[in-house]
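Everything on this sheet refers to the single structure shown next.
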Amino acid sequence: MVEVISHDEVISAVKQKRMLPGDLTPREAAALQERLASSVVADMPLDLGQIRRVAAADVSYRRGDELTFASLVVMSFPDMEVLEELSGVAPVAFSYVPGLLSFRELPALIPLFERVKHAPDAVLVDGQGIAHPRRIGIASHLGLLFSVPSVGVAKSVLVGEYREPGRRKGAKRPLIFNEEKVGYALRTRDGVKPVFVSPGHLADPESSCALVLACCRGYRLPEPIRAAHALANRARLESYGG
């Protein structure tokens, strides 16, 4: 059964987090990102030997609707067994604006993170980390909110340039933006399109790639993100009666 998160609960969750206040205009949201970006730590290597649980978060929509279908899946690491699944339906809190995805999706994810029983040691997010115009994509913003190591795993480039990596799994090429390495184009399976991995918070580009690869099981996307995506879609289908 999908838990319905009320509008009041979403607003309360947002207001309790100073890094995601409600009722911002797009200009104000971008200005807040610029202030928060200085707090993002993107040069701290992850110690994969200390990671026991990896989570992933995803959000699904039905076009033209005003509802958000959020999911959070926690898996054991490195064996990738599901430990916990949370999902919820919440009202859309922010219009879609490129570069401001966190203000649209995090309000629905905050209640799920606050209820999780198996606290993750790292979180993978279907979106950008520091590979973002203001160096704070949704993965970075989420990492700051909960002081948890986070990694962005995006299916397309938002900013930056790269050379195509080799065709074998594990091949990677730096993603460069404003003369800075903000992540990698990473091949997660032989012959498939690369994903774009960037540290969110309390991680660095190299260890972020290592974590993503360690979570892959023969598909383009790592298992936690695949599971979170499937759960968010199930929540949407369940809400609309299949």
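Just so it is clear, none of the values below were taken in a lab; they were calculated from the coordinates. Quick caveat: nothing in here was measured; it's all calculated off a predicted structure. Cβ sites come from the backbone with ideal geometry, for glycine too, and all protein chains shown count toward neighbours.
Legend: ranking of residues Asp43, Asp204 from fewest to most surrounding C-beta atoms inside 10 Å; resulting order Asp43, Asp204. Taking the centroid of alpha carbons for each part, segment 135-168 and segment 45-64 are 12 Å apart. For segment 149-158, the Karplus equation 6.51 cos²θ - 1.76 cosθ + 1.60, evaluated at θ = phi - 60°, returns couplings of x, 9, 9, x, 10, 9, 8, 8, 8, 9 Hz by residue, with Gly and Pro reported as x. Residues Ser208, Ser95, ranked from the fewest to the most other C-beta atoms within 10 Å, line up as Ser95, Ser208. Rounded if a/c is under 1.5, else prolate if a/b beats b/c, else oblate: with a ≥ b ≥ c from the C-alpha gyration tensor eigenvalues square-rooted, which is segment 123-179? Verdict is oblate for segment 123-179. As a proxy for reagent exposure, ranking His229, His141, His118 by other Cβ atoms within 10 Å from fewest up yields His118, His229, His141. Here the contact order of the chain, divided by its residue count and restricted to Cα pairs under 8 Å and six or more residues apart, works out to 23 percent.
At an R0 of 35 angstrom, the distance between the Cβ atoms of Glu84 and Glu180 translates into a FRET efficiency of 0.45.
Each residue of segment 178-187 was assigned a 3J(HN,Hα) from its phi angle through the Karplus expression (A = 6.51, B = -1.76, C = 1.60, θ = phi - 60°), giving 6, 6, 10, 7, 9, x, 9, 7, 10, 8 Hz with x at Gly and Pro.
In a fully extended conformation the segment linking Ser39 and Ser76 would gain 10.5 nm over its present Cα-Cα distance, using 0.36 nm per residue. Karplus-based coupling profile of segment 29-35, in residue order and whole Hz: 5, 5, 5, 5, 4, 4, 6, with θ = phi - 60° in 6.51 cos²θ - 1.76 cosθ + 1.60 and x standing for Gly or Pro. Computed on the Cα trace of the chain, the radius of gyration divided by the Kirkwood hydrodynamic radius gives Rg/Rh = 0.95. Close amide-amide hydrogen proximity is noted between Cys216 and Glu223, each under 5 Å apart and 5 or more residues distant or on a separate chain (H modeled in the peptide plane; Pro and chain starts excluded). Take the Cα of Val192, go 7 Å toward its beta carbon, and the backbone nitrogen atoms of segment 49-73 under 17 Å from that spot belong to 56-57.
Within segment 29-68, what residues put their amide N at less than 15 Å from the label point 7 Å along the Cα-to-Cβ vector of Leu237? Under 15 Å, as judged by backbone N against the label point of Leu237, lie 60-62 of segment 29-68.
Dividing the summed -39500 (n - 2.57) terms of all DSSP H runs of n ≥ 4 by the residue count of the chain sets its mean residue ellipticity at 222 nm at -9000 deg cm²/dmol.
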